[in-house]
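Data block below; observations after.
The values are calculated or read from the model by the stated rules, or taken from the named source; none is laboratory data. Here the structure is a predicted model, which means the values were calculated and not measured. In this analysis, Cβ positions are derived from the backbone assuming ideal geometry, glycine residues included, and neighbour counts consider all displayed protein chains.
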Amino acid sequence: MLSDDQIGFIESRRVAHLATADAGALPHVVPVCFAYTEGAIWIAIDEKPKTTARLKRVRNIEENPQVSLIFDRYDEDWTRLGYVLVHGTAELVERPPVGVVSALRARYEKYGPMGLEERPAIRITPERVVTWGSLT
């Protein structure tokens, strides 16, 4: 689904923004850490301090699995502006595969000591991709 250029751009970003909506279509957008592996985009439900274990993004996905992720780059040189917008279906995976945990840890050092194997993760299957601007 994703081209090599799109994957390269996505993997060069450190943070994406995940858009979810509840059953009433109320939008919710949060920055997320991610890994692209096994043909999907994975987001850990990590151990950072949170006000609740029932995160709004998780509740929204349970009500409405249609999500969007934007990977973008801003630059004062506007010829370098660009983004990859991924629309897809999200699901909560109670125990992510070992390869997914390894991919997340390889991208984010802080994930090293966290018990990601024992925590759920969000798996997003890309269904439609929009690209704009420069990906190089």
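In this structure, is Leu92 modelled with pLDDT of 95 or more, under 13 Å from the mean Cα position of the chain (by Cα), part of a strand (DSSP E or B) and over 26 Å from Thr131 (Cβ atoms)? Against the criterion (modelled with pLDDT of 95 or more, under 13 Å from the mean Cα position of the chain (by Cα), part of a strand (DSSP E or B) and over 26 Å from Thr131 (Cβ atoms)), Leu92 qualifies.
Any residue in segment 35-47 that is at pLDDT 95 or above and farther than 24 Å from Ser102 by Cα? Checked against the condition, which is being at pLDDT 95 or above and farther than 24 Å from Ser102 by Cα, segment 35-47 yields no hits at all. Annotation: of all residues in segment 61-113 being surrounded by 13 or more Cβ atoms within 10 Å (Cβ to Cβ) and aromatic (Phe, Trp, Tyr), the one that is farthest from Pro126 (Cα to Cα) is Tyr111. Within the set Arg73, Arg57, the sole residue that is touching a residue at least 12 places away in the same chain (Cβ under 8 Å), among the basic types (Lys, Arg) and within 20 Å of Ser134 (Cα to Cα) turns out to be Arg73.
If you go through segment 104-136 and keep only what is among the aromatic types (Phe, Trp, Tyr) and either assigned to a loop (DSSP other than H, G, I, E, B) or farther than 15 Å from His87 by Cβ (or both), you end up with Tyr108, Tyr111.
When Pro126, Pro27 are checked against the criterion of being surrounded by 15 or more Cβ atoms within 10 Å (Cβ to Cβ) and in contact with a strand residue (DSSP E or B) (Cβ under 6 Å, 6 or more places away or on another chain), a single residue qualifies: Pro126. Whether a residue is modelled with pLDDT of 95 or more, of a type in the set (A, V, I, L, M, F, W, C) and part of a strand (DSSP E or B) was assessed, and Ile61 does not pass this test.
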